[in-house]
Amino acid sequence: TITPESHSRSHQLLYLFFNRRRRPLPPRHHLHLWVRIPKTMCIPCCICVSTSEVVVVERLGKFDRLIPAGLGVIVCPCEQNAGQVSFRVQQLDVRVETKTKDNVFLTTVVSVQYQVIREKVYQAFYSLTNTQQQITAHVYDVMRSQLPTLELDAVFEAKEDLALAVKNALSETMSDYGYQILQALITDIDPDNRVKQAMNEINSAKRLKFAVAEKAEGQKILQVKSAEAEAEAKYLSGVGVAKQRKAIVDGLRTSIVVSGALMGSFNFFRIKHPTNTAHRILAMVSRVPLLRT
């Protein structure tokens, strides 16, 4: 006769169970065949699963199946709803504080967009305890290894390269856990307030210098154009005076020719006026504008 004292605790419980129903106690190596729940205790329960989600079902603590979107059935208490997995795109914003190559501390915000791979729901549900913490750790690792190699001005220019480095590192790691990285964006680069003020002052000084240079260049152009205009005016004035004197000389020549024709010859004019030589005539012509003015 097998007594409860000669068996383990589980065997003692089974002994009480079968003794109460007056059934023979099975051998110890067949105990696993008798550990079952009566069919009268299994109750089917309906469950509604939302679109873009699946429900993970476990039977007696072990993964059994996935229930897709729609109406599903779980047999209680053998089966239980272990959790839900969403296929929607999720976003995680990670703030990273580090310093650059020129010892400037700044805070960057990296937005990671990720999604569960439909073929790897089992890995996504059972591989990681905290998915967001895992992604945050990888973002910290990449950003704190890349930013110290760049100066502050280069950080703003290398946003795309940094985002691509974060995406590649996360994609390589998270794909084994059932997640795909859709995008990694650096949405904000925030240096210290004093650094931003200094950068603004530098830009202001550069722009002021450029404005002064442009103003001086404008004044130079104005003076050159003014000198060119003055030279052009004097040239045109000289041309006018020359044309005026030529017209006077032509008029005097015409008058002399006419007078010579009237008096007989030009020699008569010279005899009557011996002092009116060619030089005196030219001197008189040169004084004509002065006399007229």
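Whether any residue in segment 51-64 is modelled with pLDDT under 55, of a type in the set (Lys, Arg) and either open to solvent by less than 30 Å² (accessible area, probe 1.4 Å) or more than 30 Å from Ala184 (Cα to Cα) (or both) is what I want to check.
For segment 51-64, residues modelled with pLDDT under 55, of a type in the set (Lys, Arg) and either open to solvent by less than 30 Å² (accessible area, probe 1.4 Å) or more than 30 Å from Ala184 (Cα to Cα) (or both): absent.
What number of residues in segment 184-211 are open to solvent by less than 90 Å² (accessible area, probe 1.4 Å) and assigned to a helix (DSSP H, G or I)?
Going through segment 184-211 one residue at a time, the tally reaches 8.
Considering (1) surrounded by 19 or more Cβ atoms within 10 Å (Cβ to Cβ); (2) at positive phi, say which one Gly83 fails and leave the rest.
Tallying (1) surrounded by 19 or more Cβ atoms within 10 Å (Cβ to Cβ); (2) at positive phi, Gly83 fails exactly one: (1).
Which residue out of Val116, Val96, Val121, Val104 is closer than 13 Å to Ile186 by Cβ and either surrounded by 15 or more Cβ atoms within 10 Å (Cβ to Cβ) or under 20 Å from the mean Cα position of the chain (by Cα) (or both)?
Val96
Can you give me the ranges of the strands (runs of 3 or more DSSP E) entirely in segment 57-123 with at least 3 residues that are in contact (Cβ under 8 Å) with a residue 24 or more places away in the chain and of a type in the set (Val, Ile, Thr)?
Passing ranges, in order: 70-76, 90-99, 105-116.
Okay, residues lined up against (1) modelled with pLDDT of 75 or more; (2) open to solvent by 60 Å² or more (accessible area, probe 1.4 Å):
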residue: Leu170; (1), (2): yes, no
residue: Gly178; (1), (2): yes, no
residue: Glu214; (1), (2): yes, yes
residue: Gly218; (1), (2): yes, no
residue: Gly240; (1), (2): yes, no
residue: Gln244; (1), (2): yes, yes
residue: Gly264; (1), (2): no, yes
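Here are Ala163, Ala154: which of them is assigned to a helix (DSSP H, G or I), within 30 Å of Gln197 (Cα to Cα), small (Gly, Ala, Ser) and touching a strand residue (DSSP E or B) at 6+ places or on another chain (Cβ under 6 Å)?
None of the others qualify; the one that does is Ala163.
The values are calculated or read from the model by the stated rules, or taken from the named source; none is laboratory data. Since the structure is predicted, the reported quantities are computational estimates derived from the model, not experimental observations. Here Cβ is always computed from backbone atoms with ideal geometry, including for glycine, and neighbour counts include all displayed protein chains. Calculation scope for accessible area: heavy atoms of the full protein, side chains included, ligands and nucleic acids excluded. Shrake-Rupley method; radii C 1.70, N 1.55, O 1.52, S 1.80 Å.
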